[in-house]
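Only one structure is covered here, and it is reproduced in the block below.
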Amino acid sequence: MFFRSTGLGKTELTAHIDEAGGIIRKGDYLILHVATTDPVRWKIRAAINYKDFLAVVRSALKISVISFVLWPFRAMKPAKHPGDF
């Protein structure tokens, strides 16, 4: 996965879900652990509350997202870079 931040300009971070942390529950939040690998090695954590989680689920119910998830052949070829996102 890729990350971009307005604070980092055009810098793009390559990352993956940190298998050691993954997603854990801490009180009223889910904590998502992400590890960047390029150009720097950082550990990023996002705290998601219930309202945020519902917003993610609502966003995931769009036809374009559902078709992305349900198209099984997508995993058989390398992913194309999303360009300037």
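Using θ = phi - 60° in the Karplus curve 6.51 cos²θ - 1.76 cosθ + 1.60, the 3J(HN,Hα) couplings for segment 27-38 round to x, 8, 10, 9, 10, 9, 9, 10, 10, 7, 10, 8 Hz; x is entered for Gly and Pro. Computed over the chain, relative contact order equals 18 percent, with contacts defined as Cα pairs under 8 Å that lie 6+ residues apart. Proximity of backbone amide H atoms, modeled 1.01 Å from N, is registered between Asp18 and His33, Val34, Ala35 at under 5 Å, excluding neighbours fewer than 5 places apart on the same chain.
Other residues within the sphere of radius under 12 Å centred on the Cβ of Ile17, judged by their own Cβ, net out at 0 (K and R +1, D and E -1).
None of the figures in this text is laboratory data; all of them are computed from the coordinates on show. Small disclaimer: the values here were computed from a predicted structure and weren't measured. Glycine also receives a Cβ, built like all others from the backbone with ideal geometry; neighbour counts cover every protein chain displayed.
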